[in-house]
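Each remark here refers to the structure printed beneath this line.
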Amino acid sequence: MRSKTAVVIGASGGIGRAMADMLDQEDEYDHVIRFSRGSNSPVSLDLTSEDSIASAANWLKEQSLMPFLIFVASGLLHNERKGPEKSMKELDADWLQENYQINAVGPALVAKHFLPLMPKDEIIKFAAISARVGSISDNRLGGWYGYRAAKAALNMIIRNLSIEWKRQNKRSIIVALHPGTVDTGLSKPFQGNVAPGKLFDAERAAVQLLDVLDGLKPVDSGKIFAWDSEEIKP
């Protein structure tokens, strides 16, 4: 029997760390590899650097570790300099590019370098954290230009990957996941309007997302699913 590896990218963040911890507690995977920019990562992986993404993938190959699950937990909504735009007056080219780089380009490059390491003859799962606000059909409030647009781009990338990779592995499952509002630094400034019972701690969010992943089949590849297994329309 092949040794099975799970890979969590962005494992130093709230959801990523909780996901890696949950996977460590399960018996399904022989190895759980945590990549991030931090010192606990076997090699530093920065979503703004394709070289670092390629180096992380090469490290896995050198260790003869075959990933059956890849989970991209990284995301950008705000930082110490800037937050999501409330109106078009706040649009800024550099901030838009930074949103795209972390939320869409980075996960796409992870797929480029990591998907070829996955088996071609067994069920594999590649998942990236998206957001309901990236749904064009569900956008009724506007605002948050960069984040919404970047997550919409990620959803399209996931769809493209699912179509292409189905030719390599008919049993592949490539999806975007909406975790709900999770009590992490990403959501901290925006938790005031969250309905009671809908602010999840990172551990609960990880369990819910793993339950979603466990229930998916190859026919679900290319879709977007919320924490409660509801399919989100693009």
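The values are calculated or read from the model by the stated rules, or taken from the named source; none is laboratory data. Fair warning: this is a prediction, and the values are worked out from it, not measured in the lab. So basically every Cβ, Gly included, is an ideal-geometry build from the backbone, and we count neighbours across all protein chains shown. Keep in mind that these areas ignore ligands, DNA and RNA; they rest on the heavy atoms of the full protein, side chains included. Shrake-Rupley method; radii C 1.70, N 1.55, O 1.52, S 1.80 Å.
Quick notes on this structure:
- The condition of being farther than 16 Å from ALA205 by Cα, surrounded by fewer than 22 Cβ atoms within 10 Å (Cβ to Cβ) and hydrophobic (A, V, I, L, M, F, W, C) holds for MET66.
- Unmet criterion (only one of (1) out of contact with any Gly (no Cβ under 7 Å at 6 or more places or on another chain); (2) surrounded by fewer than 21 Cβ atoms within 10 Å (Cβ to Cβ)) for LYS86: (1)
- Helices (runs of 4 or more DSSP H) (entirely within segment 90-174) containing at least 2 residues that are aliphatic (A, V, I, L, M) and buried (at least 19 other Cβ atoms within 10 Å of the Cβ): 106-114, 145-166
- If you go through segment 12-35 and keep only what is open to solvent by 10 Å² or more (accessible area, probe 1.4 Å) and either within 20 Å of LYS61 (Cβ to Cβ) or small (Gly, Ala, Ser) (or both), you end up with SER12, GLY13, GLY14, TYR29, ASP30, HIS31, VAL32, ILE33, ARG34.
- Single residue of SER49, SER39 found to be small (Gly, Ala, Ser), more than 16 Å from GLY146 (Cα to Cα), free of Cβ contacts under 8 Å to residues at least 12 places away in the same chain and open to solvent by less than 60 Å² (accessible area, probe 1.4 Å): SER49
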